[in-house]
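Trainee: Input: one structure, supplied below.
Every read-out reported here was derived from the displayed coordinates using simple, explicitly stated rules and does not represent laboratory data. Source: prediction; values computed, not measured. All Cβ positions, even for glycine, are placed from backbone atoms using ideal geometry, and neighbour counts span all protein chains on display.
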Amino acid sequence: MFDHDKFYSRLGRSFKPGVLTTVVLAAFEMMKQGKKMISLTGGSYDPPSLPSSEIKRIFMEAPREAWEEMLQYGNTVGMLRLREELAGFMSEAGIKTNPGKEIIVTTGSQEAIDLVTRVFVDPGDVMLIGKPTYLSALSAFRQMDPEFREVTIDGDGMDTNALEDEMKMLKAEEKKVKLLYIIPSFQNPTSAVMSRERKLRVLELAEEHDFLIFEDNPYGYISFEGPMPTPLAGLDKSGRVMYTSTFSKIVSPGLRLGWLVAHEDFIAKMSEAKTRISICNDGLAQYAAAELLRRGNVTNQIPRITEVYRKKRDLMLETMEYSFPEEAEWNEPKGGLFLWVKMPERVNTTEMLMESLKRGVAYIPGSNFFTGPVHNYIRLNYSFPSEPDIVEGIQILGGLLKENS
Ligand SMILES: Cc1ncc(COP(=O)(O)O)c(C=O)c1O
């Protein structure tokens, strides 16, 4: 018999179906049986709002030289015209960067996370992460088997007192932190935002204890109350902050484009790492993204999509108010795409998922955002489902939660 398993590398053996694959597969099975499935899972775009006509127009109007650039191999760090547009776009958020040396274009922020993992993380390195934190960052970091230290996320984002306590504990153990991974604005999964004071304290602690910060900012632009909160990278004076953001939440996840800003030496290393993975990004997507930025389509799209998401958030909150059990607690997100629901500890939302799928609603169990066993949270997405599906999905889920409370 052909034994597939014996051929895997150590890393290959560690790849197991993640929650997204499992939930999506289960949902697909249900749909094959002709059942409707309402997805409150990933952070996908509101389908009718995708800027397809703007992108069509860009390609219709592209001159011959642009097609030659688009359809050719490109620079590993990305099309220069896109990096220049990105530098201008980020300067509005207070991030000053040299597009020639300090930016690399990536296949979404997910590739930026993978590049940082490859270039900076060795097995056993101490990494600080939020408790809870973005599940696919956790799985990317896990490839290198670091030692995770979780730092509490409360209503104001990462708790800097808890961070200081962790630093003291590490000192007592004679261990040093290599890297802090942080999502300061509308954190995934909690949607919490860090105050300016906390951000400044994080920067001070990085200086004091000599570690790197990796800031992930996909949601900052989706702000329901005022402008995007200033990113850590906009406050950083020492160059310790590596910063990633993405087109996925503001323009289109299908473009598969993100970017990473860091010291030029770090970018050179990450460019070498990316050469080995993909050589360069897709030229068509990069050209479209550069033009969307140049034409002002991105700055016009952000308030439009934010308004759509604010309405959907309100509808989800309103429906939860009358459908969810009394014991359920949740936040009111000031931006981003998710609601984070806490149930009493006796409720196991991982075990509840199969029944929810059977009733036609998919969600992400909170356990996937922690390194340890925590089973009483649910992350709900409001950007993707239609308004009627939000109402129907939340009512079904509310009924199930009541039965399990
Ligand atoms: C916190 C965070 N980082 C990174 C990503 C990856 O996004 P993408 O690869 O589509 O840019 C996501 C996607 O949901 C996310 O929530």
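Trainee: Once Rh for the range 49-185 is found with the Kirkwood sum over Cα pairs, what is the Stokes-Einstein diffusion coefficient at 20 °C and 1.002 mPa s, in µm²/s?
Mentor: Value of D from the Cα-based Kirkwood radius: 118 µm²/s.
Trainee: State the extension gain, in nm to one decimal, for the chain segment bounded by Ser44 and Glu307, taking 0.36 nm per residue of separation less the distance between their alpha-carbons.
Mentor: 93.1 nm
Trainee: Grab the DSSP H runs of the chain that are 4 residues or longer, score each as -39,500 (n - 2.57), total them, divide by all residues and round the 222 nm result to the nearest 500 deg cm²/dmol.
Mentor: It lands at -14000 deg cm²/dmol.
Trainee: Could you compute how fast the range 257-303 diffuses translationally, taking Rh as the Kirkwood radius over C-alpha pairs and applying Stokes-Einstein at 37 °C with viscosity 0.692 mPa s? Give it in µm² per second.
Mentor: 263 µm²/s
Trainee: What number, in percent, do you get for the relative contact order of the chain if the mean sequence gap of Cα pairs under 8 Å and at least 6 apart is divided by its residue count?
Mentor: Averaging sequence separation for qualifying contacts and normalising by length gives 24 percent for the chain.
Trainee: Continuing with the same structure: Consider all pairwise Cα distances in the range 306-405 and report the whole-number % of them above 22 Å.
Mentor: Of all Cα-Cα pairs in the range 306-405, 22 percent lie more than 22 Å apart.
Trainee: Using modelled backbone amide H atoms (1.01 Å from N, in-plane), which distant-in-sequence or interchain residues come within less than 5 Å of Ser44's amide H?
Mentor: Here Phe384 satisfy the definition.
Trainee: So what is the orientation-averaged projected area of the chain, using the convex hull of its C-alpha atoms, in nm²?
Mentor: Convex hull of Cα atoms, orientation-averaged projection: 22.0 nm².
Trainee: Would you please classify the overall shape of the range 12-94 from the alpha carbon gyration tensor, given that a ≥ b ≥ c denote the square roots of the eigenvalues, rounded means a/c under 1.5, and beyond that prolate means a/b larger than b/c while oblate covers the rest?
Mentor: It is prolate, given that a/c is not under 1.5 and a/b is the larger ratio.
Trainee: With unit charges on the beta carbon (Lys/Arg positive, Asp/Glu negative), name the residue among Pro344, Gly124, Asn98 whose Cα is farthest towards the positive pole of the charge dipole of the chain.
Mentor: My answer, from the dipole projection, is Asn98.
Trainee: Provide the percentage of antiparallel DSSP beta bridges, counting only those with both residues in the chain; round to the nearest 5.
Mentor: 50 percent
Trainee: Label Glu92 and Glu207 with points 7 Å out from Cα along Cα→Cβ: what is the distance between them in nm?
Mentor: Label-label distance for Glu92 and Glu207, simple model: 3.0 nm.
Trainee: Give me the percent of DSSP beta bridges within the range 125-250 that run antiparallel, rounded to the nearest 5.
Mentor: Taking every DSSP beta bridge within the range 125-250, about 10 percent pair in antiparallel fashion.
Trainee: For the range 98-164, what is the per residue volume of the convex hull drawn over the alpha-carbon atoms, in cubic angstrom?
Mentor: Roughly 126 Å³ of hull volume per residue.
Trainee: Quick one: which residues, 5+ away or cross-chain, put their amide H under 5 Å from the amide H of Val151? H built at 1.01 Å from N.
Mentor: Ile129, Gly130, Lys131
Trainee: Over 21 Å between Cα atoms: which of Lys249/Lys274; Lys131/Lys168; Lys101/Lys237; Lys56/Lys96 fall into that group?
Mentor: Lys249/Lys274; Lys56/Lys96
Trainee: Now for a different question. Specify whether the C-alpha gyration tensor of the range 1-46 places it in the rounded, prolate or oblate class, a ≥ b ≥ c being the square roots of the eigenvalues: rounded for a/c under 1.5, otherwise prolate if a/b is larger than b/c and oblate if not.
Mentor: The shape class here is oblate.
Trainee: Please list the three semi-axes, largest first and in whole Å, of the ellipsoid equivalent to the range 59-111, using sqrt of 5 times the eigenvalues of its alpha carbon gyration tensor.
Mentor: Those come to 23, 14, 10 Å.
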